[in-house]
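Quick notes on the structure that follows.
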Amino acid sequence: MPRETARLMRQATYASISVALTLIVAKLFAWAFSDSLSLLATLIDSTLDALASLINLLAVRHALSPADREHRFGHGKAEALAGLGQAAFIAGSAGFLLLEAVRRFINPVQIESYGIGIAVMVFSIIATLGLLTFQRHVIRRTGSVAISADALHYRTDLLVNASVIVALLLSVRGWNGFDPLFACAIGLYILYSAWEIVRQAFDHLMDRELPREEREQIKSIARSHRKVRGMHDLRSRRSGMATFIQLHLELDDELSLLEAHEISDEVEGRLQEVYPAAEVIIHIDPISVVADEPTPEYPEENTQEAGQGLLNKLLP
C-alpha cells in the first residue's frame, strides 16, 4: 500500500478527533450558559463524533496493516466494521435526542442566553468546513470507506449547527417550542445519516460488485486488446482501499501457453493503470471451449460477452 495513502488516512483521523474534541469544549461552555436543548443536541452529536472518530482511528490503523497468514486478503473490512460502529453511536444519540425533545415539548424551558450559543455554532461551522475540505481530499486520493463514513456525519453537522442558530433566534423571539422542534428534526436527520453509513458498510462486508460504470470500464479495457476475442464471468469487489477483479478472457485456440500468458499480463497491466491498488486474477479460456459452455452464472452481466466471443469465432 503506498506510504502516501497511509499517511493521508492517518492525518484525516487525527484531524477528525482534534476538531471533535475542540467542539465538545466550546459547545459544553455554550450549553452551560443557555440551557438550550438544540445546543445539547449538537453537544451530544460532537461527543459521539469524537467516539466514532476514535473507533475510526483504530480501524484505519488495523486496515492499513499488511496481509498476514490468517488474513491473506488484508484487513480492509475493518473500515466497514468501523462504519457500523459509527452508525450505532449516531443512532443512539438520535434516540436520546428525540426523547429529550418530547420531554421539552411537555415541559418547556426558557432559553437564558443565545449570543454565546450562536457564536459557538458559527465557530463550529467554520471548523467543520475546514475538516470536510481535508477529508474530501483524502477520500479522493484513497477511496477510504472509514473516512467517507466520518465525513458523512460531519456533513450532517453543518446542517445541525445551522439549524441550532435558527432555533436559538426563533426561541428568543417568542416561542420556546422552536427549540425542541428543531431538535426533533435534527434527531431524525441523524437517524437518516446512520442508515446511509450502515448501507455503505454492508455493501463492503457483503462484497457488493463495483458500480456498473466501473464494471463497464473494466470490460472495455479487457476487450480493447487486439488478441482478446471476448470475456465473461467478471467479478469485482472492494475491501477497504483494495479492489479485487476477476474475469475470464477468451483467446484463440492456436495460441501457445506463453503467448496466452503474455496477453493476460498485458490486460492485467492495463487494468492496473486504472486501478493501481487492484488485485487482478485472469483465467484464460480457449474460444472453442467457451462456445460449448452452458449459460453463464450471471447472464445479466455475461451473456453479451459470451455471445460476442462466439461471434468473433464465427466471423473471419
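Bear in mind these aren't lab numbers, they're just calculated from the coordinates by the rules spelled out. Since we're looking at a predicted model, the values are computed, not measured. Positions of Cβ are backbone-derived with ideal geometry, glycine not excepted, and every protein chain shown enters the neighbour counts.
Tabulated data
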| read-out | value |
| --- | --- |
| Amide H contacts under 5 Å for GLY230, placed H, 5+ residues apart | GLU250 |
| Packing-based order for 281-288, 181-188, using average beta carbon neighbours within 10 Å, highest first | 181-188, 281-288 |
| Karplus 3J(HN,Hα) series, Hz, for region 12-25 with 6.51 cos²θ - 1.76 cosθ + 1.60 (x for Gly, Pro) | 5, 5, 5, 5, 4, 5, 4, 5, 4, 5, 4, 5, 4, 4 |
